[in-house]
Amino acid sequence: MGFLSATSSISRYHIDDSFEDSVMETVRDGLAEYAIPKIENEYSELSVGWVPFESPYDPDFEKNSFVFGTFFLFHLRVDKKSVPAKLVKKHVSIETARRLEKSGREFISKNEKAEIKEEVLDRLLREIPSVPNIYEVLWNYEKSTVYLYTTQKAANEIFETLFSKSFNLKPIRLFPYTMVEKRSSLSDKKKDIIYNTAPAGYSR
Amino acid sequence: MLDISTGYNKYKFIGNDFLTWIWYLAENDLNLLSLTGADYKNLTLEIGNSLVLENDKKKDAREKITIKGDKAGLEEGLTALKKGAVVTEINLLLTLDEDEFKFTIKGESFNVTGLKTPSSKGSQDTGSDELEGSVIEKAYFCDRVFDVLDILFNTYMERRASESFRSEDVKKIKSWIESYN
């Protein structure tokens, strides 16, 4: 489990609003509703959803808890299928040769080539299993903070969309501008000074 | 509030300036507790084993300087600062009370990578209780690191918004950079 491993990479989010109803129940409902499907959709290139921390391959939040002390902890799982270009090339070539032999023709049209490629891609996507990637999500609700245990841009984007949908709360990524806006104790006047500031220019 | 991506790009220099300030604090052994007013028994920062600087003052190309290795070649970094580079990434050793943390922070995103927290203090429990204990401990360590970063960033922002920022803070940092030959 990456969360408990020796080193971690983390991006941090601020959560602006809070829940009106019971926090625990609302989080449980959001996790269960947007848990990753148990059965893999063979036609889907990408499948995303939440899974419990203790059972990343069994998305059952009834069996496993997401509450650890005052923290919520669960995984974002991203299952992705990717067909290597060389494999597509090989199968397109085989299929093209088969059709030429069957029809007795010497060449195939551009449209037919595109059709073959599409069919091959469809078939390979169905046959190839998806590869799961797992990222921990640590939520300190009292501090309006969520830590996502990755700094990969694609995973961050998937997380932001899924979190908003699941809990109806917008996670705001914390970097210098949003830190000033959302987390600093600066007065509005001081914020204005910061926003009109130029680089410090320590060398000049 | 600005659009997120506009805010990110427009003010990423603040993060880089902040890291340069952190470097200055660490190298000059300043008392972080009195500077920040933080409520810890002990709070110290040391530069770890890597530092990345960038200089985009040159018209044709952006120069990137990466310094790696324990306590190695930080003078190269100071030379780069002198030429107008800014710190974009820094590896830090943070001592907080009795706990030691090591991590790299990036100026523009505040992403933390390679975070190493103190080893688990262990537990007499077994099974799920042990797991819960380890999770809570790790989560607590993570919170602590970011709490300190928040305190330091807030202190820097307060300084930066003060009237004396250029006449005092920037002047001191410039003197430190210039003091290296």
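Please treat every number below as a calculation from the coordinates, not as lab data. From a predicted model like this one, the values you see are computed outputs, not experimental measurements. So basically every Cβ, Gly included, is an ideal-geometry build from the backbone, and we count neighbours across all protein chains shown.
Structural remarks
- Around A:Ser8: net Lys/Arg minus Asp/Glu count, Cβ-Cβ under 11 Å: +1
- On the beta carbon distance between B:Asp56 and B:Asp3, with R0 = 25 Å, the FRET formula returns roughly 0.60.
- Simple Cβ-charge dipole of chain B, Lys/Arg +1 and Asp/Glu -1, about Cα centre, in debye nearest 20: 1120
- Shape category assigned to the range A:155-204 from the gyration tensor of Cα positions, a/c cut at 1.5: oblate
- Simple spin-label estimate for A:Leu124 and A:Glu40 in nanometres, 7 Å along Cα-Cβ: 1.7
- Set of lysines near A:Lys102 by C-alpha distance (under 25 Å), chain-local residues within fewer than 8 positions excluded: A:Lys86, A:Lys89, A:Lys90, A:Lys110, A:Lys113, A:Lys117
- Gyration tensor verdict on the range A:84-186 (Cα atoms; rounded if a/c is under 1.5, prolate if a/b is larger than b/c, oblate otherwise): prolate
- Using only side-chain charges placed at the Cβ, +1 for Lys and Arg and -1 for Asp and Glu, the dipole size of the range A:58-172 relative to its Cα centre rounds to 540 debye.
- Residue of A:Gly69, A:Gly30, A:Gly49 that the Gaussian network model of chain A assigns the largest fluctuation, springs spanning Cα pairs under 10 Å: A:Gly69
- Cleavage-rule hits (trypsin sites (Lys or Arg not before Pro)) in the range A:1-75: DSSP loop, at most 12 neighbouring Cβ within 10 angstrom: A:Lys38, A:Lys63
- Between A:Lys143 and A:Ser109, the simple spin-label model (points 7 angstrom out along Cα→Cβ) gives 6.4 nm.
- Given chain B, longest segment not containing exposed loop GluC sites (Glu not before Pro) (DSSP; at most 12 other Cβ within 10 Å): B:1-97
- Unsatisfied cross-links (Cα-Cα over 26 Å) in the set B:Lys12/B:Lys82; B:Lys57/B:Lys172; A:Lys38/B:Lys116; A:Lys190/B:Lys172: A:Lys38/B:Lys116
- Estimated FRET transfer efficiency (A:Asn168, A:Lys117; beta-carbon r; R0 30 Å; 0.05): 0.15
- For residues of A:168-181, the mean tally of beta carbons on other chains within 10 Å: 6
- Under the combined filter of DSSP loop state and at most 14 neighbouring Cβ atoms within 10 Å, the range A:71-109 retains these trypsin sites (Lys or Arg not before Pro): A:Arg105.
- In the distance distribution for the protein assembly as shown, Cα-Cα pairs more than 28 Å apart total 56 percent.
- Estimated distance in nm for a label pair at A:Thr7 and B:Thr95, the labels positioned 7 Å out from Cα along Cα-to-Cβ: 2.2
- Residues of type aspartates and glutamates that A:Lys191 reaches as a straight line, Cα spacing below 19 Å, ignoring anything fewer than 8 places off in the same chain: A:Asp16, A:Glu181, B:Asp3, B:Asp17, B:Glu108, B:Asp150, B:Glu158, B:Glu163, B:Asp169
- Qualifying chymotrypsin sites (Phe, Trp or Tyr not before Pro) for the range A:67-148 [loop in DSSP, other Cβ within 10 Å: at most 11]: A:Phe107
- Of all aspartates and glutamates in the structure, those lying under 14 Å Cα to Cα from B:Lys83, and not within fewer than 8 positions of it along the same chain, are B:Glu54, B:Asp56, B:Glu63, B:Glu75, B:Glu178.
- Under 5 Å between amide hydrogens, built in the peptide plane, is the criterion, and for A:Phe19 it picks out nothing among residues at least 5 positions away or on other chains.
- Neighbour counts of C-beta atoms inside 10 Å place A:Val131, A:Val92 in the sequence A:Val131, A:Val92, starting with the fewest.
- Gyration tensor (alpha-carbon) shape descriptor, the range B:12-179, a/c threshold 1.5: prolate
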